[in-house]
Amino acid sequence: MRTFLAIDLPDPVRAALVQVQDALKPEANAVSWTRRENLHLTLRFLGNVDVPMHVALTATLEDTLREAQPPLLTVAGLGAFPSMARPRVLYAGITCLSGALDSLQRLAENAAQHAGLPPEASPFHPHLTLGRVRYHARNKALTHALHHTAIPPTDAFVADAVSLYESVLGPAGPVYTRRKRLRIGCW
Ligand code: 3AM
């Protein structure tokens, strides 16, 4: 089962991100846009993991998340990987106003390694993927739009859980199904 750990987004944040996608669409015709229901903040991609490993991983993570502080998050600015000049992955940034998103990511990483997964090689760049450009080329209009499109203001939100998602890839894009929801902090 191909899975990842993510933080869910409140509906008003999803709505704001869809508005941004709509504003960018005239400048980007070769983009696979993330469907509204798929918008999320990835903490750790796990890849193909078997059931015993998931059980071990979620048990460890559930224990450690209980001691963690739920971070207060807000959406902040548009960006692109690998760069604004050569946009490949279009994203909205995310800023942590209080609590520590990085330490949540470390807990996810520790649980993954404890369950036997190899360490994540890439540094953590928290982002909300809006779309992926299918053809890799310079697109000055898109770069300009990324610099000049405003994200509608949204309220900051508390990330109160980490979800384990199954990802099934298909011709119409990935289908994500939540398999487990692990609460952050003591309730
Ligand atoms: O939508 P974002 O960018 O948050 O890019 C994939 C997506 O992240 C990432 O996992 C999330 C859910 O699919 N992903 C997919 N394959 C990956 C891989 N091989 C990967 N991340 C790292 N390595």
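Of everything in the stretch 124-165, what is of a type in the set (K, R) and closer than 30 Å to K180 by Cα? Give them in sequence order.
First pass over the stretch 124-165, keeping only residues of a type in the set (K, R): 132, 134, 138, 140.
Residue satisfying the conditions is R132 alone.
Is the stretch 32-52 home to any residue that is farther than 25 Å from L169 by Cα, at pLDDT 95 or above and among the hydrophobic types (A, V, I, L, M, F, W, C)? Write out each step before concluding.
Of the stretch 32-52, the ones farther than 25 Å from L169 by Cα are none.
Taking every residue of the stretch 32-52 in turn, none turns out to be farther than 25 Å from L169 by Cα, at pLDDT 95 or above and among the hydrophobic types (A, V, I, L, M, F, W, C).
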Q | Filter result (surrounded by fewer than 20 Cβ atoms within 10 Å (Cβ to Cβ) and either more than 21 Å from the chain's Cα centre (by Cα) or of a type in the set (S, T, N, Q) (or both)) within the stretch 29-57 | A | N29, A30, S32, N38, T42, N48, D50, V51, P52, M53, V55, A56
Q. Can you name every residue in the stretch 58-89 that is more than 17 Å from the chain's Cα centre (by Cα) and among the aliphatic types (A, V, I, L, M)?
A. A59, L61, L65, A68, M84, A85
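Considering every residue within the stretch 3-15, establish whether at least one is within 13 Å of the ligand (Cβ to nearest atom), part of a loop (DSSP other than H, G, I, E, B), over 17 Å from T149 (Cβ atoms) and under 15 Å from the mean Cα position of the chain (by Cα). Give the steps one after another, and end with the answer.
First pass over the stretch 3-15, keeping only residues within 13 Å of the ligand (Cβ to nearest atom): 3-9.
So of that shortlist, the ones also part of a loop (DSSP other than H, G, I, E, B) come out as 8-9.
Then drop every residue that is not over 17 Å from T149 (Cβ atoms), which leaves 8-9.
The next check asks that each one be under 15 Å from the mean Cα position of the chain (by Cα); those that pass are 8-9.
Looking through the stretch 3-15, at least one residue is within 13 Å of the ligand (Cβ to nearest atom), part of a loop (DSSP other than H, G, I, E, B), over 17 Å from T149 (Cβ atoms) and under 15 Å from the mean Cα position of the chain (by Cα).
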Q: Collect the residues in the stretch 18-75 that are within 12 Å of the ligand (Cβ to nearest atom), outside any strand (DSSP E or B) and farther than 16 Å from L104 by Cα, keeping them in residue-number order.
A: T34, R35, N38, L39
Q) From the residues in the stretch 104-154 that are out of contact with any helix residue (DSSP H, G or I) (no Cβ under 7 Å at 6 or more places or on another chain) and within 18 Å of T74 (Cβ to Cβ), which one is nearest to the ligand (Cβ to nearest atom)? A) T129
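The values are calculated or read from the model by the stated rules, or taken from the named source; none is laboratory data. For clarity, every value in this text was computed on a predicted model and none was experimentally measured. Here Cβ is always computed from backbone atoms with ideal geometry, including for glycine, and neighbour counts include all displayed protein chains.
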